[in-house]
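What follows is one structure encoded as structure tokens, with my remarks underneath.
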Amino acid sequence: MSDLSNSELRRLDLTLLLVFLGLVRHRKAVAVANELGLTQSAISQALRRLRDVFGDDLFLRRPHGMEPTATALALEAPVAEAVNALRGALGASRSFDPATATGVVRVAALHAEQAVLIPNFFARLRLLAPGLTLSILPTGRSDAVQALKDDRADLAFGFLRDIPASCSASVLYVENYLVAGRPDILTEAPNISLDAYCAADHLLTAPGGGHKGVVDRHLAQIGRERHVLLSFPAFLPALAATAEAGALLTLPSRVAGQFAGKFGLVTARPPLELPSFPVSVVWHRRNDTDPKTNWLRTLLAAS
């Protein structure tokens, strides 16, 4: 038999192929109907469609049941192989074994989450899924969401505002702020007065540039201001400069708690009310039921 054209293939569906294999195996329409949960009328209609597509009777009625033709017998192995391949592919998409998984996990992460979340996440990933590698995309908030939409990232970490309906999110923790500085500057740590805070020099982290941020907006609301000497796009170089410059740096508490001491810095609570903010893991909704994505989210939460 010649190869089927695309127009002929479009007339096939998985139910037709299952009916075909059932008839080859059982040779009785009633047995196939019971096995597939179909009516005998549906089996008869499927058989008519199969005969039309393949241009052959496929099954001949005999006193003992349905006898496959030579064409049907020739089709049995390739059809079974195709159905089993599809079944295996669908099964693989519904399961995930980290111990044998391979490939690249692509994460869009803001600089704070790169410092706080990635090291522990990577250590656990390396232990539990040694065949997976990790690639970090240093993106801003809007770029992180776009990377998910474009399938350039599997997950995004960070404080992401206005998450679109095309994405899902789960809050990992709620973050607030600490002030970091040298002990000779933060002499009353873990406290600092508002007057001392405003009188000090400051460094700022601003991924998009600029010398004003959330602290400056809240200071302005109470009629105060601070002097920002320098802005950095990331927290770790800002902490290094804080240790050298004798200035203050206001930053997320988890970054401060994990890294300030490594630079010889101490921390204090900010002397003004600053809003807390959620740090989330975000993924595209096309992966809502993807077992790999769900496993990675669980691993991240444990990190």
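The values are calculated or read from the model by the stated rules, or taken from the named source; none is laboratory data. These numbers were taken from a predicted model, which means no experiment stands behind them. Methodologically, a virtual Cβ is constructed for each residue, glycine included, from the backbone with ideal geometry; neighbour enumeration extends over all protein chains shown. Note: areas computed on protein heavy atoms with side chains; ligands, DNA, RNA excluded. Shrake-Rupley method; radii C 1.70, N 1.55, O 1.52, S 1.80 Å.
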Carbon and sulfur together cover what percent of the accessible area of the chain at a 1.4 Å probe radius? 52 percent
Can you give me the accessible area per residue for the chain, using a 1.4 Å probe, in Å²? 52 Å²
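Can you bin the stretch 44-202 into rounded, prolate or oblate? Criterion: square roots of the alpha carbon gyration tensor eigenvalues sorted a ≥ b ≥ c, rounded for a/c under 1.5, prolate for a/b above b/c, oblate for the rest.
It comes out prolate by the Cα gyration axes.
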In nanometres, the difference between 0.36 nm per residue of separation and the alpha-carbon distance of A82 and S276 is 64.4 nm
Rounded, prolate or oblate: pick one for the stretch 178-267, where a ≥ b ≥ c are the square roots of the eigenvalues of its C-alpha gyration tensor, a/c under 1.5 means rounded, and failing that, prolate if a/b is larger than b/c, else oblate. oblate
Given H218, Y177, V19, which one lies farthest toward the positive end of the charge dipole of the chain, if we put +1 on the Cβ of every Lys and Arg and -1 on the Cβ of every Asp and Glu? V19
Choice from T267, T139, T69 showing the highest fluctuation, given a GNM over the chain with Cα pairs closer than 10 Å: T69
Considering the values (i) 66, 17, 15; (ii) 36, 20, 18; (iii) 29, 25, 17, which represents semi-axes √(5λ) of the Cα gyration tensor in Å as calculated for the structure under consideration? (i)
I need to check one value: relative contact order of the chain, counting alpha carbon pairs closer than 8 Å and at least 6 residues apart, in percent. 19 percent
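Taking square-rooted eigenvalues a ≥ b ≥ c of the alpha carbon gyration tensor, is the stretch 32-124 rounded, prolate or oblate, where a/c under 1.5 means rounded and, failing that, a/b exceeding b/c means prolate?
Since a/c reaches 1.5 and a/b is larger than b/c, the shape of the stretch 32-124 is classed as prolate.
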J(HN,Hα) series, the stretch 43-56, from Karplus relation 6.51 cos²θ - 1.76 cosθ + 1.60, nearest Hz, glycine and proline x: 5, 5, 5, 4, 5, 4, 5, 5, 4, 5, 5, 8, x, 8
Taking loop as defined by DSSP and a crowding limit of 12 other beta carbons within 10 Å, which GluC sites (Glu not before Pro) in the stretch 151-242 fit? E188, E225
